[in-house]
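Data first, discussion second: the structure below is written as structure tokens.
No value in this document is a laboratory result; all are computed from the given coordinates. In this text, all values refer to a predicted model and were calculated from it rather than measured experimentally. Don't worry about glycine lacking a Cβ; one is built from the backbone with ideal geometry, like all the others, and counts go over all protein chains shown.
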Amino acid sequence: MHSNGENGIKFDFPSQVFVVEFSPFAWSKDLVCIGTENSIILGAVLFPEDHSWEESADSGKVQLYTQLSDSGRVLETRDVSFIELKTLQQKQRPQAAAWSPDTTLRGLPRLLHFAVALSASTVQNVNIKTDNIIKVYKTDLGESTSVVDLEGHQDYINAVAFEPEGSLLASASDDLTCRVWTARDASDYRPLECKFHLNSPGMAVCWHTEETGKLLVAEKSGLMQLFNVQTQQPLISLDSGSKPLMSAHWAPSNNTLIAALAAGELTVWDIQRPSQPIEVRPVHPQGGRWVKFSNNSDMVIATLGRPGHQLKVHNITAKLPKLSLPLPIAYGLSWHYHLPYVALGCDHQLMMWKIATK
């Protein structure tokens, strides 16, 4: 059912995995959101080298998470455990997910707070209608689970991201808009008077991890703009020079570095010197889909693209990739908060690889 070998760590699920998103926050770093074609699965992934959370005398992490689980399902490899905490059924296909910094299981009250962008196509007469919605969930893993539907996007939602302080949620869509939503609490979301009109589909949104209200919006045309959400004014513009741009990411460990994947080409900028990129290299001859910086090294970047479904991990100071792995099918791309594991969905599996980032 699962193994830890040359092909990485694998955990099986009953349906195809489209979204994988580790929590980007220290206090909820064990958590992962997995979006399948008919469910949202919340789980905890425990690695043997992670000793950052002190365990109680009579109960290790696995036992603690199992007690919180609504199913008690634990999948284990020789070294790594996946504990399924909660499964939420849904009928729409997930496109993207984001964790709120409000999420915590370390104290009381326990709270898992996250957003998922969903899309579903239906045929009405001879026309195809697409329903696009963001669902914001809040659950204590017990009897209390609430969901708020955020409606407004008219086409596929490609990305969602919570601001690090948690009160703002940004989303980017094929409908040529980036929207910012605000909340007084997890059950009272409303559109902020902030909607950025784009010239091409919005493919990525990333918040500055230290400076409140700075938002990076990437467009399919190759244009990326850094906005001040409060003034709604652009601060910096970057152009990949190639299209289609399919993904962009702001380095979590270094707020001066931004990467984009456009027409199969990886481009990296230092926004302190934005006139010229610091690195441009072809990585996927037939086009790329996802790009993500490692959380613990701003020199290490993972990409996913064609031909086929190929995962590559690059050190931008070296010419050859650290990992180049063909896969039968692959969706999503995420790094663990502080351990050097990269993860994605491969058919009915969550797959992870340990990468030497030094």
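Okay, here's what the table says:
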| read-out | value |
| --- | --- |
| Read-out Rg and Dmax of the Cα atoms in Å, derived from the coordinates shown; its label in (1) 19.8, 59; (2) 19.4, 64; (3) 20.8, 74 | (2) |
| Gaussian network model of the chain, springs between alpha carbon atoms under 10 Å - residue of Val229, Val291, Val342 with greatest fluctuation | Val229 |
| Candidates Ala343, Ala170, Ala183: whichever shows maximal mean-square fluctuation once the chain is modelled as a Gaussian network with Cα springs under 10 Å | Ala183 |
| Cross-link partners of Lys220 among lysines (Cα-Cα below 19 Å; sequence separation of 8 or more within a chain) | Lys195, Lys243, Lys292 |
| Label-point gap, in nm, between Asn255 and Asp149 - each point 7 angstrom along Cα→Cβ | 3.7 nm |
| Rounded Å value of the spacing that divides the Cα centres of region 240-276 and region 59-102 | 32 Å |
| Within region 194-297: Cβ-based charge dipole about Cα centre, in debye rounded to nearest 20 (Lys, Arg +1; Asp, Glu -1) | 240 debye |
| Among Gln272, Pro164, Pro285 - extreme Cα towards positive end, dipole of region 162-301, charges at beta-carbon | Pro285 |
| FRET efficiency, 1/(1 + (r/R0)^6) with R0 25 Å, evaluated for Glu165 and Arg73 via beta carbons | 0.15 |
